[in-house]
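Asker: Please find one structure pasted underneath; my questions will follow.
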Amino acid sequence: MCRIFECLGVPVYDADSRAKSLMHTDGMLISQIKKEFGNLSYNTDGTLNRKHIAEAAFGNPEKLKALDALVHPRVAANYEQWAGEQTHPYVIKEAALLFEAGSYKSLNKIIVVSAPEHLRIKRVVARDPGRSGQMVKDIIRNQMPDAEKSSKADFVVTNDESQLVIPQVLRLHEIFLALK
């Protein structure tokens, strides 16, 4: 969906990609992660040891909360800086944990993309071959259920392979441009 907005010239902030980037480049965040999860959190080449972090955090709710408490504030600050630099009438913030991180509170409108769990798993595994279906299920279990997200949203885009996504996005684009 966000690629469609990008094709329309709308700036899109990908919070998940930015979080991964910040975990590699933000010295303060790197220090905090090492302190919380140990030096094994980073490989000898300085890259994040995603396997170590996933094993430590996703199997332990307290460690996951600790990781989120480190990463989410840094992403929020990065988003605010980025959004302030944009000149388009509106921007899109793409975030898997929009509600869980509380970042929805600073946004004007919320769009939820809804898809059946089996399709979500299939898409993530295809996009990220390093993740198994079980790993994706574990991640989904740590997220707010789709039905709850949809009930909190201003708009829901259905991406279940039975409805076209482009017309849904074009309609939202028209609505958002009219708000300015």
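The values are calculated or read from the model by the stated rules, or taken from the named source; none is laboratory data. Just so it is clear, the model here is predicted, and its values are computed rather than measured. As a convention, Cβ positions derive from the backbone with ideal geometry for all residues, glycine included, and neighbour counts pool all protein chains shown.
Asker: Of the numbered conditions (1) free of Cβ contacts under 8 Å to residues at least 60 places away in the same chain; (2) assigned to a helix (DSSP H, G or I), Gly46 fails exactly one; give the number of that condition.
Answerer: Answer for Gly46: the failing condition is (2).
Asker: While we're on this one: Scan segment 118-147 residue by residue and report those that are more than 14 Å from Ala96 (Cβ to Cβ) and of a type outside the set (A, V, I, L, M).
Answerer: His118, Lys122, Pro129, Gly130, Ser132, Gly133, Gln134, Lys137
Asker: Mind checking which pairs have a first residue in segment 140-155 that is of a type in the set (Lys, Arg) and a second that is surrounded by 12 or more Cβ atoms within 10 Å (Cβ to Cβ) and assigned to a loop (DSSP other than H, G, I, E, B), Cβ under 9 Å, 6 or more apart or different chains?
Answerer: Cβ pairs passing all conditions: Lys149/Leu98; Lys149/Phe99; Lys149/Ile110; Lys149/Gln143; Lys152/Phe99; Lys152/Ile110; Lys152/Met144.
Asker: While we're here: Against the condition of a type in the set (Gly, Ala, Ser), touching a residue at least 24 places away in the same chain (Cβ under 8 Å) and either surrounded by 16 or more Cβ atoms within 10 Å (Cβ to Cβ) or in a helix (DSSP H, G or I) (or both), how does Ala66 come out, does it pass? Walk me through it before giving the result.
Answerer: On the way: of a type in the set (Gly, Ala, Ser): yes; touching a residue at least 24 places away in the same chain (Cβ under 8 Å): yes; either surrounded by 16 or more Cβ atoms within 10 Å (Cβ to Cβ) or in a helix (DSSP H, G or I) (or both): yes.
Yes.
Asker: Right, next: Consider Leu164 carefully, then state whether it is touching a residue at least 60 places away in the same chain (Cβ under 8 Å) and over 19 Å from the mean Cα position of the chain (by Cα). I'd like the intermediate steps shown before the answer.
Answerer: Working: touching a residue at least 60 places away in the same chain (Cβ under 8 Å): no; over 19 Å from the mean Cα position of the chain (by Cα): yes.
No.
Asker: Something else now. Could you name every one of the helices (runs of 4 or more DSSP H) located completely within segment 76-154 that has at least 1 residues being modelled with pLDDT of 95 or more, touching a His at 6+ places or on another chain (Cβ under 9 Å) and under 21 Å from Glu55 (Cα atoms)?
Answerer: Values: elements: 117-127, 133-141, 146-152.
Hits in segment 76-154: none.
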